[in-house]
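Working notes, beginning with the structure itself.
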Amino acid sequence: MFGVVRVLLLGGALAAATLLGSSDSALAGLGQPSPWQLGMQQAAAPVMSDVIWFHDLLLWIITAIVALVLVLLVVVMVRFNARANPTPSRTTHNTAIEVIWTVVPVIILVVIAVPSFRIMFAQLNTPTADVTVKATGKQWFWSYAYPDQGKFEFDSLMVPDTDLKPGQPRLLSVDNEMVVPVDKVVRVQVTGADVIHAFAVPSFGIKIDAIPGRLNETWFKATKEGVYYGQCSELCGKDHAFMPIAVRVVSEQAFAAWVEDAKKKYAAGPDAAPRRAAEAAPAVSPMALAASTAAAPAPRTVD
């Protein structure tokens, strides 16, 4: 009983938060989390707008179901306890009630299913793309390639706390942001280089696994300029929490200028973290390598 009351109160609070959120009350941030945020991040793409609308619809449906169950429990406790109803009814069958509690849930499920199928189709059916970006998840950073803009590629690593500039969010800022134009369809091809990662940006309503040996695909169409943050959403290792995603949405002219600069900046290929680590590591001399090879036991053969 008390659990039902708690659920009802929570549902009412979330419903109130939804109404407040629809009046631009800054309960949810745009592009990044907000302190004491309640609800989803604000939408910056059409798919995310549909997701938020569907979430709000489900919230009202769930609240109504919980309220109905609570009312039924109260009626049962008041009208059918031993003191109010000393002679219990022996009714074992009621056709009308059984039809109602069968048909009504079916109608509710249909109401839920129809928009969910529509949103799923919109997420998986990629329109004709204006820009294609290939995102490769690695341990533990992202690499971005632009095959249609000159086939350049670069790595995107998290900015350490000591290097953060004013206005850069902690654990979300990166050294090289993924840049895309506003109001253009961006196709994101996602894969993994080592283990399974997941590419997710909440304000765009996208989340898709990055699987080694497989090329997944998602898309978004950003409607507002700005910087939008996401994170790897698949538990991929010890630095899983430190491989953020930052997407900077700019005007079409600014994007064209950035592409020209990027072709020159990243012409030599990606400045991958493993490469930097290899350059920083001490070199191994040929004599030491030969000595280690000689000291290794010879392989055994089995007849």
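Where a number appears in this text, it was derived from the coordinates with a stated rule and is not lab data. Here the structure is a predicted model, which is why all the values come from computation and not from measurement. Using ideal geometry, Cβ is built from the backbone for each residue, glycine included, and neighbour counts are taken over all protein chains shown.
For the range 131-280, the square roots of the Cα gyration tensor eigenvalues, ordered a ≥ b ≥ c, give a/c below 1.5, which places it in the rounded category.
For the range 131-280, give me the percentage of DSSP beta bridges that are antiparallel, rounded to the nearest 5 percent.
Values: 29 of 41 bridges.
Roughly 70 percent of the beta bridges in the range 131-280 run antiparallel, per DSSP.
Length gained on full extension, ARG79 to VAL110, computed as 0.36 nm times the residue gap minus the Cα-Cα distance: 7.8 nm.
Taking a threshold of 19 Å on the Cα-Cα distance, which of the pairs LYS138/LYS264; LYS151/LYS264; LYS184/LYS263 fall above it? Each step should come with its number before you reach the end.
Values: LYS138/LYS264 24 Å; LYS151/LYS264 12 Å; LYS184/LYS263 21 Å.
LYS138/LYS264; LYS184/LYS263, as the Cα separations exceed 19 Å there.
For LYS238, give me every one of the aspartates and glutamates with a C-alpha distance below 14 angstrom, ignoring sequence neighbours fewer than eight places off in its own chain. Correct list for LYS238: ASP194.
The alpha carbon centroids of the range 176-248 and the range 49-107 are separated by 42 Å. The listed peptides 105-114, 78-87, ordered by packing as a protection proxy, come out as 105-114, 78-87 (highest mean of other Cβ atoms within 10 Å first).
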